[in-house]
1. If each Cα of the range 225-298 is one equal point scatterer, what is log10 of I(q)/I(0) from the Debye formula at q = 0.11, 0.27 Å⁻¹?
2. Using Cβ counts within 10 Å as a stand-in for footprinting exposure, how do VAL144, VAL250 rank, fewest first?
3. 7 Å from Cα along Cα→Cβ at both ARG200 and THR284: what's the point-to-point distance in nm?
4. Neighbour counts of other C-beta atoms within 10 Å: give me GLU273, GLU295, GLU183 arranged from fewest to most.
5. Which FRET efficiency value, to the nearest 0.05, is calculated for ASN248 and ALA81 with the Förster distance at 25 angstrom and r the Cβ-Cβ distance?
6. If you take the beta carbon distance between ASN71 and ASP141 as r and set R0 to 41 Å, what does 1/(1 + (r/R0)^6) give as a FRET efficiency, to the nearest 0.05?
7. Given a Förster distance of 41 Å, report the FRET efficiency between GLN163 and ASP102 from their Cβ-Cβ distance, rounded to the nearest 0.05.
8. Can you tell me the convex hull volume per residue for the range 32-107, based on C-alpha atoms, in Å³ to the nearest whole number?
Amino acid sequence: MPFTTTLLITTFLLLLCFTPPSSSFPFSFPSNPWSLFQNLTGCNPGDYNPIIPNLKSYLHRFGYLPSPVSNFSDLFDSDLAAALLSYQRNLGLPTTGSLDADTLSVLSLPRCGVPDITPNSSGRGRHLYSYFAGTPSWPSDKRVLTYALTDTSSISIDRRTLQNVFARAFARWSAATTLNFTEVSPPDSDFADITIGFYRGDHGDGEAFDGVLGTLAHAFSPTDGRFHLDAAEAWVATGDVTAAEEENAVDLESVAVHEIGHLLGLGHSSATEAVMYPSLRTRTRKVELMKDDVEGIQGLYGGNPNSGVDSMRRSSPETSGGVPERAAVTVVALVATAVASVLTEFVL
Ligand SMILES: [Zn+2]
Ligand SMILES: [Zn+2]
């Protein structure tokens, strides 16, 4: 056997011996940056684990832990336990306070980049829909909002297809409220109320995208109007996303419906079926406004009297007891760059 062939085989065998399996190696580079949380199975309060700082960074990123004096430690401490309980309440999980299988599964899901709660807010323990801090909304004399696709050059989906997706997503909200939406093109797009663009990595607003999965998109509270999507995602704009070959496929219309909710003033909901729930599974379509979404948006703008959505809401037995408690919670508005930079300080 030639020496070079022997060397190659030996090298290959050595690599096999010394390359740990990806499931147990916390610092590999999976396509999903949060799949490493699965390695926290069995980790309990008082335990030390090298992935705990990553979990604390995640919970800090989405508003559950304040910024530490120094780096996050690898101890499962009481602050983490409290943050975990709050996370479980906000994500509609059983409040076990432990890193159970359901919690680790949801932690690993791709999600919206908008935080769930403001650090140090009194809103923990909330349920169902929420509004941003100060309950911002579009002014009452503005019931027709214009939107524009301003930056789509970084993805391969054609513009016509994108226009159809976003038009359908906006129509779902206008059916439930007194708002209407009109797409505008250049030069009117310079003055659009809402601008939609796809970006990679750091795109200048302190909320850098993180590549495939992780955060999928984010949008700013009224009346900012900016809606940004991570160009690195495997976006599906046509066809059946549940049958997509790409395991990381993300349904564009589902994310669009969710982010439009933010643009109109809704924060995240802990109702798992709501479109305003923070996380979205891959190869999943979730575009229908649920009762919780409808109640939330109608609390800001009133109902559309011609809408089946409105009558659905009235006929629902769950609404007969009145509007659910509105979140005293303040979901952070990403408008303040200073706040945003603090929030991203410990992003994974
Ligand atoms: Zn969101
Ligand atoms: Zn952005």
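1. -0.27, -1.26
2. So the residues, fewest neighbours to most, are VAL144, VAL250.
3. Inter-label distance under the simple model: 2.8 nm.
4. GLU273, GLU183, GLU295
5. That pair, ASN248 with ALA81, gives E of 0.20.
6. Details: r = 49 Å, r/R0 = 1.20.
With a Förster radius of 41 Å, E is 0.25.
7. It comes out at approximately 0.60.
8. Spelled out: Cα convex hull of the range 32-107, divided by residues, is 84 Å³.
Read the figures in this text as sums done on the coordinates, not as results from a lab. All values derive from a computational prediction rather than experimental measurement. Counting neighbours? That spans all protein chains shown, and the Cβs are built from the backbone with ideal geometry, glycine included.
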